[in-house]
Amino acid sequence: MYIIIVGGGKVGYNLTKLLLAEKHEVLLIEKDKTKTPGLAREFGESLMEGNGSRVSVLREAGANRADVLVAVTGTDEDNLVVCQVAKAVFKCPRTIARVNDPRNESLFSTLGIDATVSSTRLIDSLIEEQVKAEDMVIPLVTLRAGNVEIIEVDLSSSSWIMGKKIREISLPEGAIFISIIRGDEVVIPKGDTELAPGDKVVALVKKESEQALREML
């Protein structure tokens with residue numbers, strides 16, 4: 001499957017990494033020239049510098065053959081335009097947009113966007129209901145809204161949680177693990193997943209618990 005992702009922030013970065021790990025053909029488009037060098041080192045030919053809302057950029061990216069286009073910039077207006085261009089000009093069969101303001105979801109649907117993801121709605125639901133399974137942490141696409149943040153932390157070799165299983169760790173209130181980046185592999189954490197030296201932990205956490213979680217890691 002060929003997937004184009006527009007927006008190289010936290011959401012776009014982690015989504016690209018996950019999809020590449022699943023062996024999809026992925027192209028990440030980012031217009032911020034200060035971000036592209038680091039993304040290029042990470043993703044190589046799977047990174048393109050440019051404004052994803054422009055027809056010429058999407059044409060160069062091969063939007064005419066894309067199976068899915070995902071717009072995950074930090075601006076609802078940009079995400080809407082990107083998806084509309086992909087639909088109207090390139091006949092992309094499926095478009096997905098990140099919606100930062102949940103009040104815009106119905107508008108996106110009315111204007112023909114196939115699917116939306118509201119970070120505010122999902123995070124509120126997650127934190128409110130403490131969505132957990134008995135032996136695993138529920139994985140999510142990296143999101144950010146309100147008083148909740150996504151953080152990445154390199155696991156310290158001196159951390160007391162080194163070598164422990166996820167189910168054995170008592171996290172600060174309002175914090176959950178989303179994924180573990182281990183070399184070139186993205187690990188979806190489950191209850192029996194052990195943390196190892198060199199792991200990078202991606203976590204969803206309330207701002208007031210961030211420092212406690214960082215100290216733990």
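The values are calculated or read from the model by the stated rules, or taken from the named source; none is laboratory data. Small disclaimer: the values here were computed from a predicted structure and weren't measured. Because the Cβ atoms are built from the backbone with ideal geometry, glycine has one as well, and the counts that use them run over all protein chains shown.
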**Prompt:** Which residues, counting only those in the stretch 174-204, are in contact with a helix residue (DSSP H, G or I) (Cβ under 6 Å, 6 or more places away or on another chain) and either within 13 Å of Leu15 (Cα to Cα) or of a type in the set (Asp, Glu) (or both)?
**Reply:** Val186
**Fill in**
For the stretch 173-208, the count of residues that are closer than 21 Å to Lys23 by Cα and free of Cβ contacts under 8 Å to residues at least 40 places away in the same chain equals 4
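How many residues are acidic (Asp, Glu), over 21 Å from the mean Cα position of the chain (by Cα) and modelled with pLDDT of 85 or more when one looks only at the stretch 185-214?
Looking only at the stretch 185-214, we keep the residues that are acidic (Asp, Glu), and these are 185, 192, 194, 199, 208, 210.
Still in the list and also over 21 Å from the mean Cα position of the chain (by Cα): 192, 194, 208.
Filter again for modelled with pLDDT of 85 or more, leaving 192, 194.
Here the count works out to 2.
Check every one of the helices (runs of 4 or more DSSP H) wholly within the stretch 39-137 and list those with 2 or more residues that are buried (at least 21 other Cβ atoms within 10 Å of the Cβ) and modelled with pLDDT of 80 or more.
Here the list reads 55-61, 76-88.
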**Request:** Return yes when Leu28 is surrounded by 17 or more Cβ atoms within 10 Å (Cβ to Cβ), of a type outside the set (Gly, Ala, Ser) and either touching a residue at least 60 places away in the same chain (Cβ under 8 Å) or in a strand (DSSP E or B) (or both) and no when it is not.
**Result:** yes
**Item:** Sole residue being closer than 23 Å to Val202 by Cβ and either small (Gly, Ala, Ser) or in the same structural domain as Val187 (by TED's automatic domain parsing) (or both), chosen from Ser56, Ser46
**Value:** Ser46
**Complete:** In the stretch 143-201, anything within 24 Å of Gly7 (Cβ to Cβ) and assigned to a loop (DSSP other than H, G, I, E, B) is listed as Leu143, Arg144, Gly146, Asn147, Asp184, Ile188
